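Visitor: If you scroll down you'll find the structure; I have some questions about it.
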């Protein structure tokens, strides 16, 4: 079998082709579930390389598997969608998903060309997943209403289709904004749930007979005060973010408002805090409404679960980072208020997503650019390829999926999704 150094050399030889592919994917920026050209570019390369694949998974996703081993199944996950440009002129890869796509294709080609998976107990699947960005709701909800999708996110739909059944671990990497470090490891992502509280009261003349009305704006205001006190009951490291806004505030100035709508995201760094905060938010709405003799309704929209990373897999990742940088160039355990549907995978399957530097400008902004091609595409690729090599060759590095536990977690997961998807 090839040594790790020999395997990494395959990536080094592909450097210029990788850079060209990276530029091509960066220029091909499409919104979630609209990534038709991106998917075509991916499948064209797979055809050229002689690698079988499945296409149109969750509309625009692509899955390719190499290796035939039944002992250990590794998944590499890359997002393929982009964001709208702030200037209104089309879309842009302002979150770095084109880098993930390019990275996944590079690893796939190296593993295929090297033949390293032959006669092993391992296989590696590459998931090019659509619609990670939680946007464009009207379009996505239209697809759901038409029966083409079940959920708003690519990974949520792929989980529902059973695409990750039998996978033992999930590997991913994402650009970060820390130019002072080469990598980060063991980061968190916040989970979130969208909440809409509708207060229903009774209109009345605000001057002649306000006492005959039931003022819903008062109920919403009381609830916002209760929420502001509630936030102090969670430790800072729990990452709770609750910042409600009034999206419907009333009507005519001389009429007691009979409908007010309060909306917020509930964000948290772990599942327990997220679910508890959602429960406590509902309690604030319920009791503040009842205190003022108002009716209320709470609508929930599923977001993403917090990302909890596998410690065992991150140990393997860290060791491979240290082959290419010093310990001082690795940021340990950063806490992020951002979210991603990779958190849903992390709930079900041992998962990691390390960060790499090499971009400049602001995320989710037209100023986003790739500034260090070497670190984004080659050094990060070597870290991931080295991790895969260790999982192939050294069973002691593996974090094994528990099949029975996966089934139970999946049932729990879809119970949460279906209960809260409205």
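Visitor: Between the helical axis of 4-13 and the dominant principal axis of the chain, each derived from Cα atoms, what acute angle in degrees is found, rounded to the nearest 10?
Guide: So the helix axis and the longest Cα principal axis differ by about 80 degrees.
Visitor: OK, next. Using only helices, what value at 222 nm comes out for the chain when you add -39,500 (n - 2.57) per DSSP H run of length 4 or more and divide by the total residues, to the nearest 500 deg cm²/dmol?
Guide: Calculated at 222 nm, the ellipticity per residue is -12000 deg cm²/dmol.
Visitor: In addition: Pick from 398, 152, 362: which is most flexible by mean-square fluctuation in a GNM of the chain where alpha carbon atoms under 10 Å apart are linked?
Guide: Comparing 398, 152, 362 in a Gaussian network model of the chain, the most mobile one is 362.
Visitor: Next question, about the same structure. Which of the three applies to the range 1-152, rounded, prolate or oblate, going by the alpha-carbon gyration tensor with a ≥ b ≥ c and a/c under 1.5 meaning rounded?
Guide: oblate
Visitor: A further question follows. Just report the Cα centroid separation between the range 46-87 and the range 276-325, whole Å.
Guide: Computed from Cα coordinates, the inter-centre distance equals 28 Å.
Visitor: Now, a different point. Considering Cα pairs under 8 angstrom that are at least six residues apart, work out the relative contact order of the chain and quote it in whole percent.
Guide: 20 percent
Visitor: Could I ask something else about it? Within 10 Å of each residue's Cβ, count the other Cβ atoms and sort 218, 174 from fewest upward.
Guide: With the sparsest Cβ surroundings first, the list reads 218, 174.
Visitor: Sort 58-67, 368-377, 264-273, 40-49 for me by packing, meaning the mean count of neighbouring Cβ atoms within 10 Å per residue, highest on top.
Guide: Descending mean neighbour count gives 58-67, 264-273, 368-377, 40-49.
Visitor: Rounded to the nearest 5, what is the percent of antiparallel bridges among the DSSP beta bridges in the chain?
Guide: 65 percent
Visitor: Among 189, 108, 230, which one shows the highest mean-square fluctuation when the chain is modelled as a Gaussian network with alpha-carbon springs under 10 Å?
Guide: Of 189, 108, 230, the Gaussian network model singles out 230 as fluctuating most.
Visitor: Still on this model: Within 10 Å of each residue's Cβ, count the other Cβ atoms and sort 72, 406 from fewest upward.
Guide: 406, 72
Visitor: Here is a further query. Determine the equivalent ellipsoid of the range 191-303 by diagonalising the alpha-carbon gyration tensor, then write out the semi-axes as square roots of 5 times the eigenvalues, largest first, rounded to whole Å.
Guide: They are 30, 12, 11 Å, listed from largest to smallest.
Visitor: Further question: Could you give me the percent of Cα pairs per 5 Å distance bin for the range 130-211, shortest bin first, beginning at zero and ending with the bin that holds the maximum distance?
Guide: That works out to 3, 9, 12, 14, 14, 12, 9, 7, 6, 4, 4, 4, 3, 0, in percent per bin.
Visitor: Taking the Cα atoms only, what angle lies between the long axis of helix 216-230 and the longest principal axis of the chain, rounded to 10 degrees?
Guide: Tilt of helix 216-230: around 50 degrees.
Visitor: Counting other beta carbons within 10 Å of each residue's own, what order do 397, 163 fall into, fewest first?
Guide: 397, 163
Visitor: Pick from 236, 359, 124: which is most flexible by mean-square fluctuation in a GNM of the chain where alpha carbon atoms under 10 Å apart are linked?
Guide: The residue with the greatest mean-square fluctuation here is 236.
Visitor: Also, I was wondering about something else. Pairing the Cα long axis of helix 36-49 with the longest principal axis of the chain, what angle in degrees results, from 0 to 90 and rounded to the nearest 10?
Guide: Compared with the principal axis, the helix lies near 20 degrees.
Where a number appears in this text, it was derived from the coordinates with a stated rule and is not lab data. Worth saying up front: this structure is predicted, and the values here are computed from it rather than measured. So basically every Cβ, Gly included, is an ideal-geometry build from the backbone, and we count neighbours across all protein chains shown.
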